[in-house]
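The values are calculated or read from the model by the stated rules, or taken from the named source; none is laboratory data. Remember, predicted model here, so these are calculated numbers, not experimental data. Here Cβ is always computed from backbone atoms with ideal geometry, including for glycine, and neighbour counts include all displayed protein chains. We work out accessible area using only protein heavy atoms, side chains counted, and drop any ligands, DNA or RNA first. Shrake-Rupley method; radii C 1.70, N 1.55, O 1.52, S 1.80 Å.
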Amino acid sequence: MNLTLHVWRQAGPELSGKMVVYKANDISPDMSFLEMLDVVNERLTDNGEVPIAFDHDCREGICGMCGLMINGVAHGPMNGTATCQLHMRSFKDGDTIYIEPWRARAFPVIKDLTVDRSALDRIIQAGGFISAPTGGAQDANAILVPKESVDNAMDAAACIGCGACVAACPNASASLFTAAKVSHLGLLPQGQPERYRRALAMVEQMDLEKFGSCTLHGECQEACPKEISIDTITRMNHDYIRARLIGTRP
Amino acid sequence: MSIQLDSRIPSGPLAQKWDRHRFEMKLVNPANKRKNTIIVVGSGLAGGAAAATMSELGYNVKCFCFQDSPRRAHSIAAQGGINAAKNYQNDGDSVYRLFYDTIKGGDFRSREANVYRLAELSVNIIDQCVAQGVPFAREYGGLLANRSFGGAQVSRTFYARGQTGQQLLLGAYQALERQIARGGVKMFPRTEMLDLVVIDGKARGIVTRNLVTGAVESHAGEAVVLATGGYGNVFYLSTNAQGSNATAIWRAYKRGAAFANPCFTQIHPTCIPVSGEYQSKLTLMSESLRNDGRVWVPKKAGDKRDPRQIPENERDYFLERKYPSFGNLAPRDIASRAAKEVCDEGRGVGETGLGVYLDFADAIKRLGRDAIKERYGNLFEMYERITNENPYEAPMRIYPAVHYTMGGLWVDYNLMSTIDGLHVTGEANFSDHGANRLGASALMQGLADGYFIIPNTIGDYLGSHKLQKVDASHDAFRSVENEVSERTKRFLSIRGTRTVASFHRELGKIMWDYCGMTRNEAGLKLALEKISALRTAFWHGLNVTGSDVELNQALEKAGRVADFLELGELMCIDALHRSESCGGHFREESQTADGEALRDDENFAYVAAWEFAGEGHSPTLNKEPLAFENVKLTQRSYE
Ligand SMILES: Cc1cc2nc3c(=O)[nH]c(=O)nc-3n(C[C@H](O)[C@H](O)[C@H](O)COP(=O)(O)OP(=O)(O)OC[C@H]3O[C@@H](n4cnc5c(N)ncnc54)[C@H](O)[C@@H]3O)c2cc1C
Ligand code: SF4
Ligand code: FES
């Protein structure tokens, strides 16, 4: 297939960027989206130009490193699919495709399609863990955990930290990401002692990082490659409010 | 031989070695721990767990990864599960059985003492992970669930859907972030280690490149831990991530660390087959699928019918036929070779003929579609996304692909390399899997190394060596920094006509053709010539655009491929010298009457530890003999 790409090019963090048009001819429908970009980059290099920078690593939808706005949709047109798992068969010969980085105040552009998502790590630092130093654990079967709790926890724990929820949100809120972690840990008995402190600290960090606030648009859930449910946000809000009510300190 | 290979295996009975050693090791008092900086390169299971735990103990830790966050290390991609000798199923499992299965699975080319310790620690790992909130699968009664993996007849694999590696890594990552917040760990993401600094024979630091700004920087410490993962990407196509590389361990090798068994590579039997030239990676379909999927090809060569139209009596369930007692759960090396064999006979399926079926029709009939969906839903979806075929309706097509490297830097029982102070953990070392790794045992090793072994043995190293004070202003750092900068600039100055990827692809093809699933003397010799020619072409014809003071992914890749071009050669040299077959290393010249790997224990029951002898010189072979005091060496049989 032959395609026309409009790609965001920005040489560095402080520089201004613009959309640049590239022809991508002879693309196989069995290629992944990133393999298509590889081909474009090989051709750019052969012409002495600088290839397009984009983040990626595992290319199997699990590391969360990839992430592109494709025709204005985070991770592109296929539901429940990260950019690296999107295949060109989702497009038609002759299509024009707009490719941009995640756009959010908390995610500054590093170069071209690459952004800085370290704010998400700092939200985890604030409380996205269970304090269980190595060595002191009791037998793994000592606490029974209902299958349903663990299944629900796993649904939330599937988050890959890609940041698509932020990019898709009109307010650039990181609520779905944060709520996924609050829910994962809060649904397990091991996560109870720190449950309210965790919710409070993570939500406060989210605000400090200049993410917007959540007005329950639901765009995040649509964009999420792991189909994390917006119900997790209700759970997080509940834990957060309770933390405030009972006077928990972060 | 110039290197002394002292494996430092503690004396005493197998089951007491680790306990005894823990008692005998030197301790560092809490107030002094803070004064010691430990450099951990890698944030996967092996590195992340180590960095977090050593910080908990009070050490000052610096941790590095090339991704934008430590949570993205390739451990995240492990699907199937992690072994532990919990015997929760009461099916006859024990520490000794896990030890025995692992030693046998590795075709008797690993150290008894290390493997026993691994089996022993496996139970602590599960406890630790559950305490951290890892959502392992559970039964309705609330107890932990298990599944079976290849090479074992008990059910001892713990799992979190098809995302076990992700959940284990998030556990370690969260512990790590907690320590970062506390100030015990300083994290350096998007930073690549490009060289090791050795002062007075001791590893005292690393030189890195900031991948965003291009800045070349030095980091000094009292000890260095490399946890940089495997080097399967030397084959270009593999199940590894795009960035997975050998640079850290290769640079260490060139500074004096011995490289053990480089040719021991695992080819995983169940991956999605290659579909075209442009392909950038191969996707694994977890071994757990072989719990319920049946592997087959048509009996007739060239049978192009729709698989569903081929009647039962015209199918060859070749694993069940050849290995009746393990059936579809035969170990990986054996299952891969069996698949290659039927494809070589012209019975392979799919457009390329390089594929075999993995069929769930019987399991769906027996258990229902929902049960299969519950077990493997996300894998089935992944398969469909990539191939556009629905595995609930038609059998999957699979083919072997490079997956794991058992070889790596040589380490002693304390996980220390032949350079004092340089420790190596996880897939980057060679320690526990011999010539073939059993499924669900790499996660176990990474976490055993990271949570339980290195935090102890590092104390012994620090407690028993008087280290002079060294910081990054030491001249040795300046000179390594200069070497690193010059090398980086050299890639940009060649201005040839070929991209890095084109060289990498060509190297991968050489490795796959001559140093892949089967190997022979003539092929390996030819490969050595081809690699040497390709390396010359690389240094004359490489084209990297852009500069070295910005994010430049092609430049990063150039450094990695340059190292692969050297490592590939060492792998072929090792494969050529080991004229026996063992595990994943199958020399066509050495097979049993029915085509299985034929070991030569008399001549090859050793670890081959290669030592760098200078540019342009052949590496020196050092041998660590393997002594088996507890198990009897047998011809491995899964029939
Ligand atoms: C698709 C797949 C599925 C698997 N499934 C299973 C399974 O079900 N069960 C099982 O037991 N095993 C499985 N394995 C194997 C297992 O996942 C790996 O062997 C293991 O996770 C490796 O962990 P590690 O910590 O050693 O390395 P990694 O997780 O690869 O981490 C390497 C780290 O080193 C860093 N790094 C590398 N080079 C540099 C450098 N030069 N400078 C700075 N940082 C660097 C990286 O950034 C990363 O943080 C699977 C492997 C793959 C590829
Ligand atoms: S919640 Fe979904 S979209 Fe947001 S970071 Fe996690 S996986 Fe990505
Ligand atoms: S590259 Fe890892 S999720 Fe896409």
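Report, by residue number, each residue of region A:119-158 that is free of Cβ contacts under 8 Å to residues at least 24 places away in the same chain and open to solvent by 30 Å² or more (accessible area, probe 1.4 Å).
A:Pro133, A:Thr134, A:Gly135, A:Gly136, A:Ala137, A:Gln138, A:Asp139, A:Ala142, A:Leu144, A:Pro146, A:Glu148, A:Asp151
Considering only region B:611-630, how many residues are in contact with a Phe, Trp or Tyr (Cβ under 6 Å, 6 or more places away or on another chain) and surrounded by fewer than 15 Cβ atoms within 10 Å (Cβ to Cβ)?
So the answer is 2.
When you scan region B:559-609, how many residues do you find that are aromatic (Phe, Trp, Tyr) and surrounded by fewer than 24 Cβ atoms within 10 Å (Cβ to Cβ)?
The qualifying residues number 2.
Considering only residues that are among the small types (Gly, Ala, Ser) and outside any helix (DSSP H, G or I), look in region A:78-104 and name the one that is farthest from B:Ala49 (Cα to Cα). Step through it out loud before you land on a result.
Step one: list which residues in region A:78-104 are among the small types (Gly, Ala, Ser), which gives A:80, A:82, A:90, A:94, A:104.
If we keep only those that are outside any helix (DSSP H, G or I) as well, we get A:80, A:82, A:94, A:104.
Numbers: A:Gly80: 30, A:Ala82: 27, A:Gly94: 49, A:Ala104: 32 Å.
Filtering region A:78-104 for residues that are among the small types (Gly, Ala, Ser) and outside any helix (DSSP H, G or I), the one farthest from B:Ala49 (Cα to Cα) comes out as A:Gly94.
Mind telling me which of the residues B:Ala78, B:Ala52, B:Ala73 ends up being closer than 14 Å to B:Gln174 by Cα, of a type in the set (A, V, I, L, M, F, W, C) and within 16 Å of the chain's Cα centre (by Cα)?
Criteria check complete, one pass: B:Ala73.
Report the residue count in region A:72-83 for those that are open to solvent by 10 Å² or more (accessible area, probe 1.4 Å) and either within 16 Å of ligand 1 (Cβ to nearest atom) or in contact with an Asp or Glu (Cβ under 9 Å, 6 or more places away or on another chain) (or both).
Adding up the residues that qualify gives 4.
Would you mention how many residues in region B:47-69 are within 8 Å of chain A (Cβ to nearest Cβ), in contact with a helix residue (DSSP H, G or I) (Cβ under 6 Å, 6 or more places away or on another chain) and assigned to a helix (DSSP H, G or I)?
3
Out of (1) part of a strand (DSSP E or B); (2) open to solvent by 20 Å² or more (accessible area, probe 1.4 Å), the odd one out for A:Pro29 is which?
Single failed check for A:Pro29: (1).
B:Ala152 passes all but one of (1) within 11 Å of another protein chain (Cβ to nearest Cβ); (2) in a loop (DSSP other than H, G, I, E, B); (3) hydrophobic (A, V, I, L, M, F, W, C); which number fails?
Here B:Ala152 meets the rest and fails (1).
To keep it simple, each residue is scored yes or no on (1) open to solvent by less than 10 Å² (accessible area, probe 1.4 Å); (2) in contact with a Lys or Arg (Cβ under 6 Å, 6 or more places away or on another chain); (3) more than 16 Å from ligand 2 (Cβ to nearest atom).
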residue: A:Pro170; (1), (2), (3): no, no, no
residue: A:Leu176; (1), (2), (3): yes, no, no
residue: A:Ala179; (1), (2), (3): yes, no, no
residue: A:Val182; (1), (2), (3): yes, no, no
residue: A:Leu185; (1), (2), (3): yes, no, no
residue: A:Pro193; (1), (2), (3): no, no, yes
residue: A:Gly212; (1), (2), (3): no, no, no
residue: A:Glu222; (1), (2), (3): no, no, no
residue: A:Glu227; (1), (2), (3): no, no, no
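Under the condition of being farther than 19 Å from B:Ser286 by Cβ and crowded, with 24+ Cβ neighbours inside 10 Å, which residue from region B:70-94 is farthest from the other protein chains (Cβ to nearest Cβ)? If you could, list the steps in order and put the result at the bottom.
Keep residues of region B:70-94 that are farther than 19 Å from B:Ser286 by Cβ, which gives B:70-72, B:85-94.
Among the residues that remain, those that are also crowded, with 24+ Cβ neighbours inside 10 Å are: B:70-72.
On the way: B:Pro70: 8, B:Arg71: 6, B:Arg72: 4 Å.
Result: B:Pro70.
Just checking, does region A:94-105 include any residue being within 14 Å of ligand 2 (Cβ to nearest atom), under 20 Å from A:Trp8 (Cα atoms) and not assigned by TED's automatic domain parsing to the domain that holds A:Glu219?
The answer is yes; a qualifying residue exists.
Residue by residue through region A:34-64, note down the ones that are more than 16 Å from ligand 1 (Cβ to nearest atom), open to solvent by 10 Å² or more (accessible area, probe 1.4 Å) and assigned to a loop (DSSP other than H, G, I, E, B).
A:Asn47, A:Gly48, A:Glu49, A:Val50, A:Pro51
Can you tell me which residue among A:Ala74, A:Ala82 is away from every other protein chain (no Cβ under 11 Å) and within 12 Å of the chain's Cα centre (by Cα)?
So the residue among A:Ala74, A:Ala82 that is away from every other protein chain (no Cβ under 11 Å) and within 12 Å of the chain's Cα centre (by Cα) is A:Ala74.
For B:Met54, indicate whether it is more than 16 Å from ligand 3 (Cβ to nearest atom) and surrounded by 23 or more Cβ atoms within 10 Å (Cβ to Cβ).
yes
Can you tell me which condition A:Asp116 does not meet? The list is (1) under 21 Å from A:Phe54 (Cα atoms); (2) away from chain B (no Cβ under 11 Å); (3) of a type in the set (D, E, K, R), and all the others hold.
(2)
Need pairs with beta-carbon distance below 8 Å; first residue surrounded by 12 or more Cβ atoms within 10 Å (Cβ to Cβ) and within region B:6-29, second part of a loop (DSSP other than H, G, I, E, B) and of a type in the set (S, T, N, Q); sequence gap 6+ or separate chains.
B:Arg8/B:Asn414; B:Leu14/B:Asn630; B:Lys17/B:Ser11; B:Arg20/B:Ser11; B:Val28/B:Asn36
Mind checking which residues of region B:516-567 are of a type in the set (Asp, Glu) and more than 26 Å from the chain's Cα centre (by Cα)?
B:Glu529, B:Asp548, B:Glu550 - these are the residues of region B:516-567 that are of a type in the set (Asp, Glu) and more than 26 Å from the chain's Cα centre (by Cα).
Which numbered condition trips up A:Phe107, out of (1) touching a Cys at 6+ places or on another chain (Cβ under 8 Å); (2) assigned to a loop (DSSP other than H, G, I, E, B)?
Single failed check for A:Phe107: (1).
Here is a list of conditions, (1) touching a Gly at 6+ places or on another chain (Cβ under 7 Å); (2) surrounded by fewer than 21 Cβ atoms within 10 Å (Cβ to Cβ), and B:Asn552 meets all of them except one; can you say which number that is?
(2)
Take residues that are among the polar types (S, T, N, Q), away from ligand 1 (no atom under 16 Å from the Cβ) and within 12 Å of chain B (Cβ to nearest Cβ) and tell me which of the helices (runs of 4 or more DSSP H) falling wholly in region A:136-189 contain 2 or more.
A:147-157
Within region B:107-123, identify whether any single residue is modelled with pLDDT of 95 or more, within 24 Å of the chain's Cα centre (by Cα), within 11 Å of chain A (Cβ to nearest Cβ) and open to solvent by 30 Å² or more (accessible area, probe 1.4 Å), and answer yes or no.
yes
When you go through B:Leu462, B:Leu528, B:Leu447 one by one, which is the residue that is surrounded by fewer than 24 Cβ atoms within 10 Å (Cβ to Cβ), away from ligand 2 (no atom under 16 Å from the Cβ) and under 23 Å from B:Asn261 (Cβ atoms)?
From the options B:Leu462, B:Leu528, B:Leu447, the qualifying one is B:Leu528.
Going residue by residue through region B:597-616, is there one that turns out to be part of a strand (DSSP E or B) and at pLDDT below 95?
yes
Pull out all pairs, ordered by first then second residue, where Cβ-Cβ is under 8 Å, the residues are six or more apart or on different chains, the first lies in region A:217-236 and is in a loop (DSSP other than H, G, I, E, B), and the second is away from ligand 3 (no atom under 16 Å from the Cβ) and of a type in the set (D, E, K, R).
Filtered contacts from region A:217-236: A:Ile228/A:Asp155; A:Ser229/A:Asp155.
Is there any pair with a first residue in region B:256-275 that is closer than 23 Å to B:Ala338 by Cα and open to solvent by less than 10 Å² (accessible area, probe 1.4 Å) and a second that is at pLDDT 95 or above and acidic (Asp, Glu) whose Cβ atoms are under 7 Å apart and which are 6 or more apart or on different chains, and what are they?
B:Cys263/B:Asp574
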